[in-house]
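Enquirer: Could you have a look at this structure, given as structure tokens, before my questions?
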Amino acid sequence: MKYRAALLSIVLLIWSNISSATESFTEVREFFNKITNLSNSYDVSVVKYYSDDAKIGTIRTYPTGMKRSLELTGKQWKELIIKAMPLAKLKNDKSTMSNIEVIKKENGYKISAHRYSHLRCYTDKQYYMVIIPDINNSFVIVEEFMATQPNSDC
């Protein structure tokens, strides 16, 4: 009888951990969808979800094969988003995310995705975002990386 009770306790403990992990991953996916929707709606309020200390990295590959890297802080990125959003709206510059994967990290989550640029018709398979919980029961972006190209494949 003690064996069954112990086994039942272990099963319940495992089930509750799986259940809470599933809920966390659902919340992460919902947050990621919110960020994507705000960006695709050209809503500058998306900047409030970036930490000022975030690490934003890009690598741009030119037709010649030359690559240029750029790294910005979250504060610099927010300023750039506010300035660039009207131009992005004029050009109808949107992205579709697919193959989304969420990986639990020590103090947050890494979200990897294939980012398809509708403006330039290419897929960035290197895209990722790292988020951590914030004090408002949501998340904050502490790292983001994307690969870009100046020319269109359309």
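Enquirer: Quickly run through the stretch 54-71 and pick out the residues that are on the phi < 0 side of the Ramachandran plot and over 16 Å from the mean Cα position of the chain (by Cα).
Expert: Scanning the stretch 54-71 gives I59, R60, T61, Y62, P63, T64, M66, K67, R68, S69, L70, E71.
Enquirer: How many residues does the stretch 49-77 hold that are surrounded by 11 or more Cβ atoms within 10 Å (Cβ to Cβ) and either without any contact (Cβ under 8 Å) to a residue 12 or more places away in the chain or over 14 Å from E144 (Cα atoms) (or both)?
Expert: Residues flagged as surrounded by 11 or more Cβ atoms within 10 Å (Cβ to Cβ) and either without any contact (Cβ under 8 Å) to a residue 12 or more places away in the chain or over 14 Å from E144 (Cα atoms) (or both) within the stretch 49-77 amount to 4.
Enquirer: In the stretch 1-47, which residues are of a type in the set (S, T, N, Q) and at pLDDT 50 or above?
Expert: Selection gives S24, T26, N33, T36, N37, S39, N40, S41, S45.
Enquirer: A follow-up question, please. Tell me, which residue of the stretch 134-150 that is exposed (fewer than 15 other Cβ atoms within 10 Å of the Cβ) and of a type outside the set (D, E, K, R) is farthest from T96 (Cα to Cα)?
Expert: I135
Enquirer: Answer yes or no: is there a residue in the stretch 78-92 that is under 25 Å from F139 (Cα atoms), among the charged types (D, E, K, R), surrounded by 11 or more Cβ atoms within 10 Å (Cβ to Cβ) and without any contact (Cβ under 8 Å) to a residue 12 or more places away in the chain.
Expert: Within the stretch 78-92, one or more residues are under 25 Å from F139 (Cα atoms), among the charged types (D, E, K, R), surrounded by 11 or more Cβ atoms within 10 Å (Cβ to Cβ) and without any contact (Cβ under 8 Å) to a residue 12 or more places away in the chain.
Enquirer: May I ask you to list pairs of residues, at least six apart or on different chains, whose Cβ atoms are under 8 Å apart, with the first in the stretch 19-31 being part of a helix (DSSP H, G or I) and among the basic types (K, R) and the second being surrounded by 14 or more Cβ atoms within 10 Å (Cβ to Cβ) and modelled with pLDDT of 50 or more?
Expert: R29/I100; R29/V102
Enquirer: Can I ask one more? With in contact with a helix residue (DSSP H, G or I) (Cβ under 8 Å, 6 or more places away or on another chain), modelled with pLDDT of 95 or more and of a type in the set (S, T, Y) as the only criterion, which of S117, S51, S138 stands out?
Expert: Unique residue meeting the criteria: S51.
The values are calculated or read from the model by the stated rules, or taken from the named source; none is laboratory data. All values derive from a computational prediction rather than experimental measurement. Neighbour counts are summed over all protein chains in view; Cβ atoms, including those assigned to glycine, are modelled from backbone coordinates with ideal geometry.
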